[in-house]
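Structure first, commentary second.
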């Protein structure tokens, strides 16, 4: 009985892993790529158990499933990124989907305080919640919002330094706020975004359409410079959507080896749907998952620094950025 069950579980894992290579055939296969991280961990656990129990066929099936998942996971865990410029002081950012049902805002305030960020970026920040807990922004005098109901709703940017809104709030269903952050001796563009949920909760083209809108926004003046894009993308870097997005937008993703959702699960089983991208003149260092904040997502804490130049054009964006950073 155990042999039959183990073989069946291994076969199920192999079939599920095979779906990541069939994403163009059906939205269900595309969705399976989003779960590559947890699926890989479970396949390795299954392989270890099969080895201990002496189930050779199950072992081979689990190992084959893990191997099939390595390619999409490489894009999520090990994206290519430049090194940080030596000696540059990075900007520390805290991002979180605060969750509209979150009633533990004191935990959120503690989570932010523990991270000691220069900038706080939030999505799903409902105005009534924020009015109940001003502690969240007590160290951040410059606050702008991107919701439909006022400056303290929807997407929010709070900063130790002056911020200047660059665009309107929501765009054709895409929840987004964009600002220029005037840090001491430097400035950069910060875009905070929240995408809709994937198929089958919405149309299978809804996320793609929103990412196309975001690309148009980011590249409205050509290749982006001094740009940080962070948000709840409801999609992982192991899937095709975000890979296409970063290519079209001219951005580089930060690695997402530990996921953020759902918060209740161990890190290796969470999905990395909260992500950060930067223009080629920047790089992300020290990306980590922050302390729990009462949300169903764990927060991201990361630092952004100028990148080592990969081009020799002295008048290009690297030189212009580093002169101010």
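No lab work stands behind these numbers, since they all come straight from the coordinates. Because the structure is a prediction, the values reported are computed rather than measured. Counting neighbours? That spans all protein chains shown, and the Cβs are built from the backbone with ideal geometry, glycine included.
Assorted remarks:
- Extension gain, residue 308-residue 113: 0.36 nm per intervening residue step, less the Cα-Cα distance, totals 67.2 nm.
- Virtual spin-label span in nm between residue 216 and residue 41, 7 Å along Cα→Cβ: 3.8
- Residue 57 versus residue 70: modelled label distance in nm, points set 7 Å from Cα along the beta carbon direction: 2.5
- Fraction of the pair-distance distribution of the stretch 91-324 above 29 Å, Cα-Cα pairs, percent: 22
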